[in-house]
Amino acid sequence: MLFLWTGVAAPHAAPPDTRSPPPPSPGVSDESTSTRATGVEDDARDLLRALGARSVEPTSAARTSWDDFEIEAFLAQDFDMDGRRDLALILLQRGDGEEEPSSRDRVVVMGLRDAAGFHAVQRSGCLSLATDEGGMMGDPGGHMTANGRGGVVFGNDGGSAWRWSLAYTVAWRHAAFRVVGVDTHAFYIHEPGSEEDVSVNLLTGEYLRNRRGPPRTHRHTAPLIGDCGALEALQSRTWP
């Protein structure tokens, strides 16, 4: 068996405004989420076959087999509005057995479905962060939810006294899965009023800082979900 169902990881801290709750666990009825783990395991195999890659390089140089990953979260909904349920997965790297590894990578895989199966499959090693990237707050990633408009939000949060959160909104646009929105939130727990928020719409180029309008604009592009360089540049950008 390629995958072992582990359930959906619950957030370790109360999410800020940009964060949404994780999908329901198997067996809970939801219009955009599959309810059978066995079914999603079969779909996951088909999705990776359609991807056509025998190995994955999420964040490290080491080539890792897909057999080293397990399903952490899944979302079945119609991304391209053709009436068929497509699929998004967060795959979590397995431990090596007796000892818990210091870091476990995550890989997001998304694909469309038609009568012949999955197609237009893409992967990303940067939408859902590795388990050691949350600082003192611990595991930052593994959060995925539908946004109600055909898109998916991938949430990450962490920090120490300085807390942060980072959410990517992904949608099917211009014949590909693209990051169409980025929302960041940060604050210092010992300093009231230190909150910093930025919400960026990468389709229109508009952004809001600290929720104050009117929206400002920037030269924009909606990068492919696997373009980690573009996403890192957005994270490090200063928004006036």
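Numbers at a glance
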{"item": "Options Ala222, Ala230; residue that is closer than 28 Å to Ala76 by Cβ, of a type in the set (A, V, I, L, M, F, W, C) and either modelled with pLDDT under 80 or in a helix (DSSP H, G or I) (or both)", "result": "Ala230"}
{"item": "Out of His218, His190, His143, sole residue that is closer than 30 Å to Met81 by Cβ and surrounded by fewer than 19 Cβ atoms within 10 Å (Cβ to Cβ)", "result": "His218"}
{"item": "Members of the stretch 38-67 that are modelled with pLDDT under 85 and of a type in the set (D, E, K, R)", "result": "Arg54, Glu57, Arg63, Asp67"}
{"item": "Residue match in the stretch 123-137 (condition: in a strand (DSSP E or B), within 17 Å of Ala73 (Cα to Cα) and touching a helix residue (DSSP H, G or I) at 6+ places or on another chain (Cβ under 8 Å))", "result": "yes"}
{"item": "Test result for Gln93, modelled with pLDDT of 95 or more and not aliphatic (A, V, I, L, M)", "result": "no"}
{"item": "Subset of the stretch 177-210 that is farther than 16 Å from Arg237 by Cα and polar (S, T, N, Q) - its residue that is modelled with the highest pLDDT", "result": "Thr204"}
{"item": "Filter result (assigned to a strand (DSSP E or B) and either of a type in the set (D, E, K, R) or modelled with pLDDT under 90 (or both)) within the stretch 100-122", "result": "Arg106, Arg113, Asp114"}
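The values are calculated or read from the model by the stated rules, or taken from the named source; none is laboratory data. None of these values were measured; they are calculated from a predicted model. Here the Cβ is made from the backbone with ideal geometry for all residues, glycine too, and neighbour counts use every protein chain on show.
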